[in-house]
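A short worksheet on the structure shown next.
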Amino acid sequence: MRLTFEKFHGAGNDFVMLDDRAGDYQNITAAQIQLLCDRHMGIGADGLILIRLNADSDFTMVYYNADGQPSSMCGNGGRCAVAFAHKLRMVDQHTQFMAVDGLHHASYRTDGQVRLAMQDVAGLDRMGEAVVTNTGSPHYVLVKTEIDRLDMYREGSSIRYSPPFKQEGINVNFMEQIASDRFKIRTYERGVENETLACGTGAVAGALAMHFLGYTTHNKIAIQALGGLLSIDFKKKASGYTDIYLSGPTQYVFSGSIVLL
């Protein structure tokens with residue numbers, strides 16, 4: 001099968017993008033997705049996204065992790081899906097699309113910035129010094145110092161494969177405060193099973209956790225990931241956090257074709 005693709009990244013979180021409006025890739029397999037995402041034998045990416053038609057919204061985003069398995073919501077993937085749909089002339093400045101966790105609204109700017117509405121978050125739970133929450137994907141958030149020096153593979157995998165999380169997996173985020181409304185983040189992602197340069201749902205989880213723990217009183221927070229700067233704004237209500245938006249850059253990287261045997 002000859003497959004035509006485009007590649008995008010959002011703050012370094014990169015994705016192979018497939019236009020599947022004609023249904024050409026309905027039967028793509030986990031092994032093929034693994035190959036496409038392989039950084040040595042394939043194109044190389046943190047995940048694969050298919051854009052499909054949807055009768056009730058502008059499009060549907062279908063997301064797979066680099067391990068070839070369908071996954072929960074991907075925030076940067078959603079932002080890149082909007083940029084891809086804009087490049088395909090499916091959407092203009094404003095759009096709504098369907099993802100695995102429901103309907104999302106987003107806006108696209110000509111400089112590639114995409115602002116994405118996330119689902120409300122009702123619960124954040126303490127687990128020792130950490131916070132566990134679900135922002136479309138499950139996340140573990142822990143504040144540390146000098147996170148630039150962490151061995152992320154060792155420390156992230158030790159939590160991700162610990163008994164409470166081993167079966168379902170969890171994304172692991174380490175946060176470091178650098179100003180009252182600005183934090184650094186490093187993320188180990190399940191499904192990639194390594195550190196990624198950014199994680200959208202992780203940045204949201206980190207921002208909400210810092211507010212929940214009292215590290216900040218701001219409702220607009222800058223999150224500095226390894227691959228770029230993300231911005232999260234939200235409202236705090238008795239029921240949790242609402243009106244959550246993830247904003248940041250998207251970038252078209254390259255396009256091509258590849259033959260899958």
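Observations on the structure shown:
- Verdict on G10 being at pLDDT 95 or above, on the phi > 0 side of the Ramachandran plot and outside the structural domain of V204 (by TED's automatic domain parsing): no
- Output for the range 41-78, where each listed residue is more than 17 Å from Y188 (Cβ to Cβ), within 11 Å of the chain's Cα centre (by Cα) and not small (G, A, S): Y63, M73
- Count of residues meeting criterion [touching a Leu at 6+ places or on another chain (Cβ under 8 Å), basic (K, R) and not in a strand (DSSP E or B)] in the range 101-122: 0
- Check on G240, of a type outside the set (V, I, T) and in contact with a His (Cβ under 7 Å, 6 or more places away or on another chain): no
- Strands (runs of 3 or more DSSP E) enclosed by the range 216-260 - at least 1 residues per element that are touching a Lys or Arg at 6+ places or on another chain (Cβ under 7 Å), under 24 Å from F5 (Cβ atoms) and at pLDDT 95 or above: 240-249, 251-259
- Selected residue (criterion: surrounded by the most Cβ atoms within 10 Å (Cβ to Cβ)) from residues of the range 123-178 that are under 18 Å from the mean Cα position of the chain (by Cα) and assigned to a loop (DSSP other than H, G, I, E, B): T135
- Only a single criterion out of (1) touching a helix residue (DSSP H, G or I) at 6+ places or on another chain (Cβ under 8 Å); (2) under 29 Å from N173 (Cβ atoms) is not satisfied by D92, namely (2).
The values are calculated or read from the model by the stated rules, or taken from the named source; none is laboratory data. As the structure is a computational prediction, the values presented were derived from the model and not from experiment. In this analysis, Cβ positions are derived from the backbone assuming ideal geometry, glycine residues included, and neighbour counts consider all displayed protein chains.
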